[in-house]
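Data first, discussion second: the structure below is written as structure tokens.
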Amino acid sequence: MEGRGTAAAALAALVTLLGITESPPDVRPACVRGMIAMTSDVDSAYARPGDSFGFRTVDAVIAPDGTAIPAGANGFGVVAISNHAARGGRGGYVVLETRFVRLADGKHVPVTIDWAGAARATATGASRNIPGIVGAVPLVGYVLGPYGFLHHGKDITIPRDAQIPVIVGDDVAAGTCRMPAPAPSSSPVPSASP
């Protein structure tokens, strides 16, 4: 028993000596979350970096500065990254970047995709490759090599009405709010297009 007490005391002394302490709680206010819905499809077969896209707010929300944003307010963003599907089974890839919601009075309220819960703002198409283990079969690998190089992967579409979580305002960029835990979503996942 005395050995355990000595070990605990040594560990406590080590923790104190190293300056290991519990982190203080994050007292910043939670970032304001909202949900947007795409107003058109974004397809990696046609999208180019810099292309704009539209969205609308799903629910009414109050921005950190007190600005009321109604449900159905229009917003705009840009395609940040887009790669078309290609030979070798490379699937298409697209990443979206929201910019702002435009209010009826012309005011712009910044919105940022909530990457903690936004699997729907980036998508990768299927490769349609034959599983790699098949290439290990003698002689079959020589046949599959040209197939893997010549066949085309699938492009991906982020469909109209896909819902994407956002952070309202620019507090997240300034570091003046804390990210809350991701909210669950029932939004459709991006789909591969033929």
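No lab work stands behind these numbers, since they all come straight from the coordinates. Keep in mind that this is a model prediction, so the values were computed, not measured. Virtual Cβ from ideal backbone geometry, glycine too; neighbours counted across all protein chains shown.
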| query | Label K107 and D51 with points 7 Å out from Cα along Cα→Cβ: what is the distance between them in nm? | reply | 3.3
| query | Charges only on Cβ, +1 for Lys and Arg, -1 for Asp and Glu: so what's the dipole of segment 27-72 about the Cα centre, in debye to the nearest 20? | reply | 180
| query | When the chain is fully extended, how far beyond the present Cα-Cα distance does A116 get from N74, taking 0.36 nm per residue of separation? | reply | 12.8 nm
